[in-house]
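Let me begin by presenting the structure, written as structure tokens, before commenting on it.
The values are calculated or read from the model by the stated rules, or taken from the named source; none is laboratory data. Worth saying up front: this structure is predicted, and the values here are computed from it rather than measured. Cβ coordinates were reconstructed from backbone atoms using ideal geometry, including for glycine residues, and neighbour counts include every protein chain displayed.
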Amino acid sequence: MNRNQYNVLLILIMVLCFLGCVTNKKSGSQMEVMKEISVDQRVDSLLAKMTLEEKVGQMNLYNGFWDVTGPTPQGGSAKLKYEHLKKGWVGAMLNIRGVENVKEVQRIAVEETRLGIPLLIGFDVIHGYKTLSPIPLAESASWDLEAIRNSARVAATEASAAGINWTFAPMVDISRDPRWGRVMEGGGEDPYLGSKIAKARVLGFQGNDLTKNNTIAACAKHFAAYGFSEAGKEYNTVDIGTSTLYNTVLPPFKAAADSGVKTFMNSFNELNGVPVTGSEFLQRDILKGAWDFDGFVVSDWASINEIIFWGHAKDKRQAAIIAARAGSDLDMEGHVYIQELVQLVQEGVVQESIIDDAVRRILKVKFELGLFDNPYTYCDETNEKENIGHTKHHEAVLDVAKKSIVLLKNQGNLLPLQKEGQKIALIGPLAADKNSPLGSWRIASDDHTAVSVLEGMQQYTGNTLTHHKGVELVVGNTAFIEEVQINTTNRTGIDEAVAAAQTVDVVVMVLGEHGFQSGEGRSRTHLDLPGLQQELLEAVYAVNQNIVLVLNNGRPLAIEWATEHIPAIVEGWQLGTQSGNAIAQVLYGDYNPSGKLPMTFPRNVGQIPIYYNYKSTGRPVDTNDNVFWSHYTDVDNTPLYPFGHGLSYTTFQYSNFKVHGTEFKIGDTIKVTVDVTNTGDYDGKEVVQLYIRDLFGSITRPVRELKGFELVSLKKGETKTIEFKLSNKELGFFNNQGEYIVEAGDFEVFVGGSSITSLQSSFTLK
Ligand code: NOJ
């Protein structure tokens, strides 16, 4: 098409739009003409017709009418929201779900407003919609990018069938602090693994064609550094240096941007004195500047208002100025933009070009989702009925649940359990629990719908199985927005559990945190087994030491006593709908565990933050048998379980580890190979991990950095050669100006089954 033809077409489009072509009442030929021109052109022509009020309306995101995922909204009655919807002053809504409900608000936006601009319908689809996958931290322990992508695909398929076209996921915040309740939502502590997972999740949600009715826009959150909240306390100050920001915090966000994520969410924290919702540095300079991100940024829930409470703006007016200038495009349930921006533009305080830029970005995503071509594309009742809770989704979440389980300890090969002739006592408050394993963030799923460990184990009928709660974990009911009340007084079930343990061959104990003890607003200072569970564990241990401890938890726990005493420990996280089946299949050896920890487990809370990629310090070792080195006097420097740790029922031997060469030039690709042999009695899978250490740097480098991994399946006796490539992408780092550099020098390379592997080689970069 030449320039003249294009101009004629554009005029034609504008006339068509004027006649109402953006509603769903377009004729077939109008639609074809519109599809021929690019999204940017369509956005521009629509923007040209919008009033200032309508533009600001697009920057307004309202919570719906039932579910609440933040503090009670201030000043936003349902009546007002409907009025604004009808005026075209709402660009998006969250927490509206179900085809019938979505259709109704979409109908108002499309059919009752002047321009008929469709709504984005956002929802926290964090680990599934109705059918739940493991919580994201658990899923990350699979190191299985295909499975993670597929789990996001399932989530998108169900959510989109319920009318949702935008998920507030993935959360890609790196965190080194298990006190922070939201570690359950992320990929763990490592930026390399976190980046791979970010990409897998974005691709899973968005698919390869966003206009399809089963793909939804993803949202990389929380930009940025929320995972570094001081002392792991929720919504707290973050004060980190540029090196941590560039090398640890930002990489997964960059990976999400590079994978085409359509939206970003900023966050509640401040970073080095500036609330990030008002950070030009993060949103304009880095995200929309250096990274050239052309999607939009949504604020977190009323985080524009919170700029005031941080003490960075004196009122809503100033908060609106700061946030809009900084590049926060869409105001989530803050009511600030809709109240302030029109006047601020009219007074010339905020430039209209800022508004235009934000609206352009928002409209673009709507066009890319195909909402202008069919605003009801996600509103198909048949699809809703057929897809939500589909059997194939149960199969998929079971698959990823098994892959997420980590075998922490298996002394004397107590596991797998024999399938026949055994007497087993299943003990613990979480053993028969059908609610807690669903985890936090599961607003649309039904309570008490997880398969419990008891139900999973009952599938295996060759043994005698009895069940005893021992103690209650929580008092009363728990719900998403309530504080969980822990039982610390009721010991009435302990005697019965102990008596049962006395008479059996093996005890399986299911202990840990309730699903609602982690997630947003659930920071904790104690990371041991909550309530009376430790007491129960020790009481049972006193009569029968043949214990398999199955942990259910949303974060690393400090279980030092258990690690010392209990022979077998299985990390069973909160694994979602199929939880109990997954755990039972692992316990009975029908699935050989292959998960590896995505986050370090501390010995005690005092070690936090503890992470594998720490810096050497100037005094890393005790040379003179005195106190003057970097350590604690009361606990070892090592973690309880290191990052990357996870056992299997088989064993793997590493041999022929080679770096192919000793000296390389910057820019070369370095080949590293290692043979891995399955030397045990079971077929199995191993996550082969590669770490580097850059020995000297202009910015000090961590003692180890993950720079490659491969999940490899090996039959009994089988050997495979695993090859890694190291190039500039893996060997460099960001300096304190945010520039990526690769420096000459000596490197060590480590390969093995965890971050503390001792298999080591080296090379020099000239
Ligand atoms: C607040 C949370 O921080 C964010 O992650 C979530 O998406 C929003 N609420 C909406 O529920």
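Among Ala152, Ala141, Ala109, which is the only one that is in contact with a strand residue (DSSP E or B) (Cβ under 6 Å, 6 or more places away or on another chain) and buried (at least 21 other Cβ atoms within 10 Å of the Cβ)?
Ala141
Here Pro437, Pro416 are screened, and the one residue that is out of contact with any Lys or Arg (no Cβ under 8 Å at 6 or more places or on another chain), within 23 Å of Asp124 (Cβ to Cβ), modelled with pLDDT of 95 or more and not hydrophobic (A, V, I, L, M, F, W, C) is Pro437.
Just one of (1) surrounded by 22 or more Cβ atoms within 10 Å (Cβ to Cβ); (2) among the aliphatic types (A, V, I, L, M); (3) away from the ligand (no atom under 16 Å from the Cβ); (4) in contact (Cβ under 8 Å) with a residue 40 or more places away in the chain fails for Met332. It is (3). Return yes or no: is Asn101 assigned by TED's automatic domain parsing to the domain that holds Glu368, on the phi > 0 side of the Ramachandran plot and modelled with pLDDT of 95 or more? For Asn101, the condition - assigned by TED's automatic domain parsing to the domain that holds Glu368, on the phi > 0 side of the Ramachandran plot and modelled with pLDDT of 95 or more - is not met.
Conditions (1) modelled with pLDDT of 95 or more; (2) closer than 30 Å to Leu597 by Cα; (3) crowded, with 21+ Cβ neighbours inside 10 Å, marked per residue:
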site: Val39; (1), (2), (3): yes, no, no
site: Asp67; (1), (2), (3): no, no, no
site: Ala92; (1), (2), (3): yes, no, yes
site: Ile121; (1), (2), (3): yes, no, yes
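Scanning region 93-118 for residues that are within 16 Å of the ligand (Cβ to nearest atom) and within 18 Å of Gly370 (Cα to Cα) gives a single hit, Met93.
Out of the residues in region 253-267 that are polar (S, T, N, Q) and within 12 Å of the ligand (Cβ to nearest atom), state the one that is nearest to Gly370 (Cα to Cα).
So in region 253-267, the residues polar (S, T, N, Q) come out as 259, 263, 266-267.
Then drop every residue that is not within 12 Å of the ligand (Cβ to nearest atom), which leaves 263, 266-267.
Details: Thr263: 16, Asn266: 25, Ser267: 28 Å.
Only one residue tops the list, namely Thr263.
Residue-by-condition table, conditions (1) more than 28 Å from the chain's Cα centre (by Cα); (2) modelled with pLDDT under 95; (3) outside any helix (DSSP H, G or I):
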{"site": "Arg284", "(1), (2), (3)": "no, no, no"}
{"site": "Gly289", "(1), (2), (3)": "no, no, no"}
{"site": "Asn305", "(1), (2), (3)": "no, no, no"}
{"site": "Lys314", "(1), (2), (3)": "yes, no, yes"}
{"site": "Gly334", "(1), (2), (3)": "no, no, yes"}
{"site": "Gln339", "(1), (2), (3)": "yes, no, no"}
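In summary, Gly122 fulfils each of the numbered conditions (1) more than 25 Å from Tyr611 (Cα to Cα); (2) more than 13 Å from the ligand (Cβ to nearest atom) with the single exception of condition (2). Listed by first and then second residue, the pairs linking a residue in region 352-372 that is in contact (Cβ under 8 Å) with a residue 12 or more places away in the chain and within 13 Å of Gln58 (Cα to Cα) to a residue that is part of a loop (DSSP other than H, G, I, E, B) and among the hydroxyl-bearing types (Ser, Thr, Tyr), with Cβ atoms under 9 Å apart and 6 or more places separating them unless they lie on different chains, are Ala358/Ser328.
When region 410-435 is filtered for residues that are under 15 Å from Val507 (Cβ atoms) and either among the charged types (D, E, K, R) or not assigned by TED's automatic domain parsing to the domain that holds Ile583 (or both), only Lys423 remains.
Among the residues of region 667-705, write down those that are assigned to a loop (DSSP other than H, G, I, E, B) and either within 27 Å of Thr244 (Cβ to Cβ) or of a type in the set (Gly, Ala, Ser) (or both). Walk me through it before giving the result.
Let us first name the residues in region 667-705 that are assigned to a loop (DSSP other than H, G, I, E, B), namely 667-669, 679-683, 695-701, 703-704.
Result: Gly667, Gly680, Leu695, Phe696, Gly697, Ser698, Ile699, Thr700, Arg701, Val703, Arg704.
Only one of the numbered conditions (1) part of a loop (DSSP other than H, G, I, E, B); (2) more than 16 Å from the ligand (Cβ to nearest atom) is not met by Val510, and that is (1).
Which residue is nearest to the chain's Cα centre (by Cα), if the candidates are limited to region 513-533 and must be within 16 Å of the ligand (Cβ to nearest atom) and of a type in the set (D, E, K, R)?
Selected residue: Glu520.
State all residues of region 570-594 that are part of a helix (DSSP H, G or I), among the β-branched types (Val, Ile, Thr) and either closer than 20 Å to Asp681 by Cα or without any contact (Cβ under 8 Å) to a residue 60 or more places away in the chain (or both); if no residue qualifies, say none. Before the answer, list the steps.
Looking only at region 570-594, we keep the residues that are part of a helix (DSSP H, G or I), and these are 579-587.
When the remaining residues are screened for being among the β-branched types (Val, Ile, Thr), the result is 583, 586.
Across region 570-594, the qualifying residue is only Val586.
Table: residues versus (1) at pLDDT 50 or above; (2) assigned by TED's automatic domain parsing to the domain that holds Asp329; (3) part of a helix (DSSP H, G or I).
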position	(1), (2), (3)
Thr23	no, no, no
Lys26	no, no, no
Val43	yes, no, yes
Leu46	yes, no, yes
Lys49	yes, no, no
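Consider region 209-226 and keep the residues that are within 14 Å of the ligand (Cβ to nearest atom) and not hydrophobic (A, V, I, L, M, F, W, C). The one that is nearest to Ala155 (Cα to Cα) is Lys221. Among the conditions (1) among the acidic types (Asp, Glu); (2) within 16 Å of the ligand (Cβ to nearest atom); (3) within 20 Å of Gly188 (Cα to Cα), Glu270 misses just one, which is (3).
Every test in (1) out of contact with any strand residue (DSSP E or B) (no Cβ under 8 Å at 6 or more places or on another chain); (2) among the aliphatic types (A, V, I, L, M); (3) buried (at least 23 other Cβ atoms within 10 Å of the Cβ); (4) not in a loop (DSSP other than H, G, I, E, B) is passed by Val548 save one, and that test is (1).
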